[in-house]
1. Across segment 1-18, what is the total count of residues that are in a loop (DSSP other than H, G, I, E, B) and either modelled with pLDDT of 85 or more or among the hydroxyl-bearing types (Ser, Thr, Tyr) (or both)?
2. Return the residues of segment 38-59 that are modelled with pLDDT of 80 or more, surrounded by fewer than 10 Cβ atoms within 10 Å (Cβ to Cβ) and in a helix (DSSP H, G or I); say none if nothing qualifies.
3. Kindly provide the set of residues from segment 19-37 that are in a loop (DSSP other than H, G, I, E, B) and open to solvent by 100 Å² or more (accessible area, probe 1.4 Å), ordered by number.
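The values are calculated or read from the model by the stated rules, or taken from the named source; none is laboratory data. Predicted model, so just to flag it, every value in this text is computed and none were measured. Positions of Cβ are generated from backbone atoms using ideal geometry, with glycine treated the same way; all protein chains shown enter the neighbour counts. These accessible areas exclude ligands, DNA and RNA; they are computed on the full protein's heavy atoms, side chains included. Shrake-Rupley method; radii C 1.70, N 1.55, O 1.52, S 1.80 Å.
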Amino acid sequence: MCHPINQQPGKLADHERQRCEVWTRVMGYHRPVSSFNPGKQSEHAERLPFQETSPRLEGKRPCCS
């Protein structure tokens, strides 16, 4: 594949990008975050991923590293 000199391979220009829709599980079913009201979208943005600290998992790789 031939790339223009001013672009690096693997980099897309803004007009080539596609918006990624983020879904989350709410009350047992999945919904897109874009359908949330502004307050819920802000709450979703503040969430932190859960980290298990069980002694049984010490020295093991996380499943989604």
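1. The first filter runs over segment 1-18 and keeps only residues in a loop (DSSP other than H, G, I, E, B), leaving 1-13, 17-18.
When the remaining residues are screened for being either modelled with pLDDT of 85 or more or among the hydroxyl-bearing types (Ser, Thr, Tyr) (or both), the result is 11-13, 17-18.
Total meeting the criteria: 5.
2. Hits for segment 38-59 are Pro38, Gly39, Ala45.
3. First, the residues of segment 19-37 that are in a loop (DSSP other than H, G, I, E, B): 19-22, 27-28, 36-37.
Selection gives Arg19, Cys20, Glu21, Met27.
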